[in-house]
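Below you'll find the structure, written out as structure tokens, and then a few comments.
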Amino acid sequence: MNFIKESADKKPIVDTVFAIVAKAKEAKEKYGDENVIDATIGSLYDEQGHIVAFHSVFESFDQIPAAQKAAYADSFRGNPDFRELVKKWTLGQGKVNLESSVIATPGGTGAVSLVMSEFLETDETVILPDIAWGSYSLMAKDKQLKAVTYEMFENDHFNLNSLKKQVNALAGKQNRIVVVINDPCHNPTGYTMTKQEWHELIAFLNEVAKTTPCIILNDIAYIDYAYDLEHSRDYMREFEGMSDQVMAVIAMSCSKTLTSYGLRCGAAVICAHSKESVREAEIVFEKSARALWSNVNNAAMINFVNVVKDHKEEFLNEKKEYIHLLKKRSSIFMEEAKACNLPVYPYKEGFFVTIKIENNDLKEKYHTLLMENNIFTVQVNKGIRVGICSLSVEKAKGLALKMKLLLDQVVTTE
């Protein structure tokens, strides 16, 4: 007997990341942690191999009374002080001169989900990067959307021409265009667009929007680990150049920013020139939030406010140390990759580096060979993701050369 609706996707989900994490754990138990390279983890780890939980964040969290931790939030939109502070935090203390509103979400994922739900009709198409977090396509399918991809790169820069091609193919054929841009600190390549690339993107969408309204979903999950943190939000000033027919929704992740991944707290920051347009999006987001999760973690919202208001300097200093550590790890890997000609996508900053392998069959064989040599990574479209966020400096040393020698071995047998 079939109890599930006929249109549902009944194929079991295969979470490749967690499966490989489990294999890496087994290898460490068998061969010893020092003999295994575990580059699967997408969370920030310290040099001793422990997940980072900022003292400034969790000491503050421990001070929240149990009654507040147990209580519902003030509203399904999110607590008012949280929403206001997230707006300032995301947009750089009010430097972006646009109408805006904030809806609290369970992590940045919740914000992405709202965009997938509320702008496109069933069977319309969302535009995704071809190298991307796999959950984008999963969410699109869950929302009964189609998806097409643009090529992320043209040589060593953002491939605006490919994105234009996909947008133009849909313009006039559906009610709206939704484009997903994961920037800065792109997952999984570590690329960050220039202000000029953003300027050209928005100028193009303004032209398209004369006939078909456009929405930019800007996923900024890793922005607070940008290497030039002071200027990490400068590109958002380009949003001021959007026409009245273009909107940006920024998916912000408190989970990543505060090293509190499991607390699931984030926000959708809606930005546009028209107050009415922002309010309209806010209304549908509110209803969807109420229907999907009802309430975002109250303690997580309270803690974000407490940390930013009362422990900001300590928090920023603590985070700064790990940004320096990320930069040190990535510099070692990238310099060695360049020296041994290991092909990597253009990396600028962030948690991940991706080895460039466009042939899926070759990629599969390479990934298997890496595991056989106790190097655990994650397969993504057109590449192999290396989580430098969780690698110690010592394990980063020499890794690129090891990976290059194994890649050569696979290529030779092809």
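What follows draws every value from the coordinates through simple rules; no lab data is involved. All values derive from a computational prediction rather than experimental measurement. Positions of Cβ are generated from backbone atoms using ideal geometry, with glycine treated the same way; all protein chains shown enter the neighbour counts.
Among 50-56, 349-355, how do they line up by average Cβ neighbours within 10 Å per residue, starting with the highest?
Output ranking for 50-56, 349-355: 349-355, 50-56.
Calculate the spin-label point distance for Q174 paired with K146, positioning each point 7 Å from the Cα along the beta-carbon direction, and give it in nanometres.
My value for the distance between the label points is 0.8 nm.
Using a Förster radius of 35 Å, what is the FRET efficiency between D123 and E358 based on their Cβ-Cβ separation? Nearest 0.05, please.
About 0.75, to the nearest 0.05.
What does the chain give for Rg and for Dmax, in Å, if only its C-alpha atoms count?
21.4, 63
I'd like the Karplus ³J(HN,Hα) series for the range 275-291: coefficients 6.51, -1.76, 1.60, θ = phi - 60°, whole numbers in Hz, and an x wherever there's a Gly or Pro.
For the range 275-291, the Karplus curve yields 4, 5, 5, 5, 5, 4, 5, 4, 4, 5, 5, 4, 5, 5, 4, 4, 6 Hz.
Enumerate the amide H contacts of N79 below 5 Å, restricted to partners 5 or more residues apart or on another chain; note that Pro and chain-start residues carry no placed amide H.
D74
Over all directions, the average projected area of the alpha-carbon convex hull for the range 72-310 comes to how many nm²?
With the hull built on Cα positions only, its mean projection is 11.7 nm².
How large is ³J(HN,Hα), in whole Hz, for each residue of the range 194-206 in order, when computed from phi with the Karplus curve 6.51 cos²θ - 1.76 cosθ + 1.60 and θ = phi - 60°, using x for Gly and Pro?
With the stated coefficients, the range 194-206 comes to 7, 4, 5, 5, 5, 4, 5, 4, 5, 4, 5, 5, 4 Hz.
Taking R0 as 41 Å, what FRET efficiency do you get between Y72 and N341 from their Cβ-Cβ distance, rounded to the nearest 0.05?
Given R0 = 41 Å and the Cβ-Cβ separation, E is 0.15.
Considering the chain, which cysteines have no disulfide-compatible partner, defined as another cysteine with its Cβ under 4.7 Å away?
Unpaired cysteines in the chain: C185, C214, C271, C340, C389.
Can you run phi through the Karplus equation (6.51, -1.76, 1.60; θ = phi - 60°) for the range 135-146 and list ³J(HN,Hα) in whole Hz, with x for Gly and Pro?
5, 4, 5, 4, 5, 4, 5, 4, 8, 6, 10, 8
Considering only Cα-Cα distances, which of the following residue pairs are longer than 25 Å: K87/K141; K30/K356; K165/K363; K210/K275; K87/K312; K10/K356?
K87/K141; K30/K356; K165/K363; K10/K356
Once you have the Cα-Cα distance between K10 and T368, take 0.36 nm times their residue separation minus that, and quote the gain in nm to one decimal.
Gain in length upon complete extension: 126.1 nm.
Under unit Cβ charges (Lys, Arg +1; Asp, Glu -1), what dipole magnitude, rounded to 20 debye, does the chain have relative to its Cα centre?
So the magnitude is around 440 debye.
Do the sum for the chain: with -39,500 (n - 2.57) for every DSSP H run of n ≥ 4, divided by all residues, what is the mean residue ellipticity at 222 nm, to the nearest 500 deg cm²/dmol?
Estimated from H runs of four or more residues: -13500 deg cm²/dmol.
Take each of the peptides 132-138, 399-405, average the number of other beta-carbon atoms within 10 Å over its residues, and list them starting from the highest.
399-405, 132-138
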